1. Just grab the label-to-label distance for Phe138 and Phe39, each label 7 Å out from Cα along the Cβ direction, in nm (one decimal).
2. I'm a student and want to see the number: the projected area of the Cα convex hull of segment 134-185, averaged over all directions, in nm².
3. What is the fewest-to-most order of Asp26, Asp38 by other Cβ atoms lying within 10 Å of their Cβ?
4. Starting from the Cα of Asp18, step 7 Å along the direction of its Cβ; do the same at Asp168; then give the gap between the two resulting points in nm.
5. Order of Ile178, Ile34 from fewest to most other C-beta atoms within 10 Å?
6. Please order Leu148, Leu130, Leu5 by the number of other Cβ within 10 Å, starting at the fewest.
7. Could you tell me the relative contact order of segment 4-185? Use alpha-carbon pairs under 8 Å, at least six residues apart, and round to a whole percent.
8. Taking a virtual spin label 7 Å from the Cα of Asn106 along the C-beta vector, which residues in segment 66-100 bring their backbone nitrogen under 15 Å of it?
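Laboratory data are not the source of any read-out in this text; all were calculated from the coordinates shown. Source: prediction; values computed, not measured. Reconstructed Cβ throughout: ideal geometry from the backbone, glycine too, with neighbour counts over all protein chains shown.
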Amino acid sequence: MNKYLVVGLGNIGQEYTDTRHNIGFDIIEYYASILKSDFQPNKYGSTIKFKIKGRPVTLLKPTTYVNLSGKAVSYYVNKENIKLENILIIADDLNLPFGKFKIKTNGKSGGHNGIENIIKSLDSFIFPRLKFGIGSDFLKGNQINFVLGKWTKNEKEVISKKLILSKDIIDSFVFKGIRPTMNKYNSK
């Protein structure tokens, strides 16, 4: 039976709560709230294991910080014997308009240090991603402050609706696969 690993990228610590870079954490925490489950501390991250119609799924929040997420991802891929095509990495993306989703089967990091670290750790760029657009509404040279900045009130209202959609995307990935999921949800 195929196992699935859904990884939300984010930074641990209260100071990073509600920041743009932590949208991956926000998405899988929302999914966990639907499951009425709590993350359990484990090596390199906190996890929840469950089944969707008999399919084993692990939600992972790495505790290695975003830029070193590859350590946690490669550990769980090897420990759980998960195929790379059954991993879904959820991360923020500056190149997408705010609130837009983009699902990809593979690719380069797009300048995202966490994705770059995962590529290096897995020695492969062929793994699915769910990217959440955070926009690029910042002055030149202010990228770090923007990415680590808190969501505005208006952005939070949009995100609350997008969290519902993100659960549907994850379920579709597990049930139907990456390509049908891309066809249905890209740019929503």
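1. According to this spin-label approximation, the distance is 2.2 nm.
2. Value for segment 134-185: 4.8 nm².
3. In increasing order of surrounding Cβ atoms, one gets Asp38, Asp26.
4. 2.7 nm
5. Least to most surrounded, the residues fall as Ile34, Ile178.
6. So the residues, fewest neighbours to most, are Leu148, Leu5, Leu130.
7. 26 percent
8. The answer is 83-87, whose backbone nitrogens lie closer than 15 Å to the label point.
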